[in-house]
1. Could you tell me whether segment 116-136 includes any residue that is at pLDDT 95 or above, surrounded by 15 or more Cβ atoms within 10 Å (Cβ to Cβ), in a helix (DSSP H, G or I) and in contact with a helix residue (DSSP H, G or I) (Cβ under 8 Å, 6 or more places away or on another chain)?
2. I need a count of the residues in segment 57-74 that are assigned to a loop (DSSP other than H, G, I, E, B), touching a helix residue (DSSP H, G or I) at 6+ places or on another chain (Cβ under 8 Å) and under 29 Å from residue 236 (Cα atoms).
3. Taking the options 106, 100, 58, name whichever one is crowded, with 19+ Cβ neighbours inside 10 Å and either closer than 27 Å to residue 172 by Cβ or within 17 Å of the chain's Cα centre (by Cα) (or both).
4. Which residue is surrounded by the fewest Cβ atoms within 10 Å (Cβ to Cβ), if the candidates are limited to segment 27-52 and must be in contact with a helix residue (DSSP H, G or I) (Cβ under 6 Å, 6 or more places away or on another chain) and in a helix (DSSP H, G or I)?
5. I'm trying to understand the selection: among the residues of segment 206-220, which are touching a strand residue (DSSP E or B) at 6+ places or on another chain (Cβ under 9 Å) and either closer than 23 Å to residue 45 by Cα or in contact (Cβ under 8 Å) with a residue 24 or more places away in the chain (or both)?
6. Can you tell me how many residues within segment 178-205 are on the phi > 0 side of the Ramachandran plot and either surrounded by 15 or more Cβ atoms within 10 Å (Cβ to Cβ) or in contact (Cβ under 8 Å) with a residue 60 or more places away in the chain (or both)?
7. Could you go through segment 151-169 and let me know if any residue there is at pLDDT below 95, over 18 Å from residue 111 (Cα atoms), out of contact with any helix residue (DSSP H, G or I) (no Cβ under 8 Å at 6 or more places or on another chain) and part of a helix (DSSP H, G or I).
């Protein structure tokens, strides 16, 4: 299972939108996808109508109080399951910091490594895990970076776009050294792209930071907001839209980066990319 953390210390840059639409694109290609929502705002969870304070969530995962197999919920999107989040993550982060009886930074990694042992008999193995991180370096983000194979940093193309970028890169380097030597940066993803001089400056600022830019960019369109409000992935809400094509291109680019060949994936659940 390839694990991808989607992180930026700024809010509103498209982390959740990217998580949701990448999951839908991967699922449409026949991949089995697990989405882990680690943001207390729970936007991804709300999108999938999975917000429920009575059900297990990533707060329970971080505090090691519930088996990961009991947290996973199905979503309406083909081949996509998720572990939801809620505001209980606020207290969970404090509990993790105070609890030294279990490793603090690797709880998510350990749970994901053992996921097949805890899934019901007959469940399919997941091909990709997408982790939607909060806009800060709390224990959820730290656990995601310690669990991830790859990192995507969405950056919206406005003033102060690269604020916090260097902090993420520095944190990745520290965690790579001490906890996760396989952690790699897939690239910075430009979102809300309008092809103006502002975008060119943002791209230059990212390049100056030493971080690679992904070839794919997500063009600005009101359809992104409309699709989110309708609780539908872009490929379903606006099949011919520009951002829909951009997320499709991004999914293909990432599959090439991580080295996952869709033709070798078991598609017995019917994912053929043509739904």
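1. Checked against the condition, which is being at pLDDT 95 or above, surrounded by 15 or more Cβ atoms within 10 Å (Cβ to Cβ), in a helix (DSSP H, G or I) and in contact with a helix residue (DSSP H, G or I) (Cβ under 8 Å, 6 or more places away or on another chain), segment 116-136 yields no hits at all.
2. Total satisfying the criteria: 2.
3. Working: 106 fails: crowded, with 19+ Cβ neighbours inside 10 Å; 100 fails: crowded, with 19+ Cβ neighbours inside 10 Å.
Sole residue among the options that is crowded, with 19+ Cβ neighbours inside 10 Å and either closer than 27 Å to residue 172 by Cβ or within 17 Å of the chain's Cα centre (by Cα) (or both): 58.
4. 43
5. Step one: of segment 206-220, the residues touching a strand residue (DSSP E or B) at 6+ places or on another chain (Cβ under 9 Å) are 206-207, 209, 211-220.
Correct list: 206, 209, 211, 212, 213, 214, 215, 216, 217, 218, 219, 220.
6. 2
7. yes
The values are calculated or read from the model by the stated rules, or taken from the named source; none is laboratory data. Keep in mind the model is a prediction, meaning the values are calculated, not measured. Cβ: placed from backbone, ideal geometry, glycine included. Neighbour counts: every protein chain shown.
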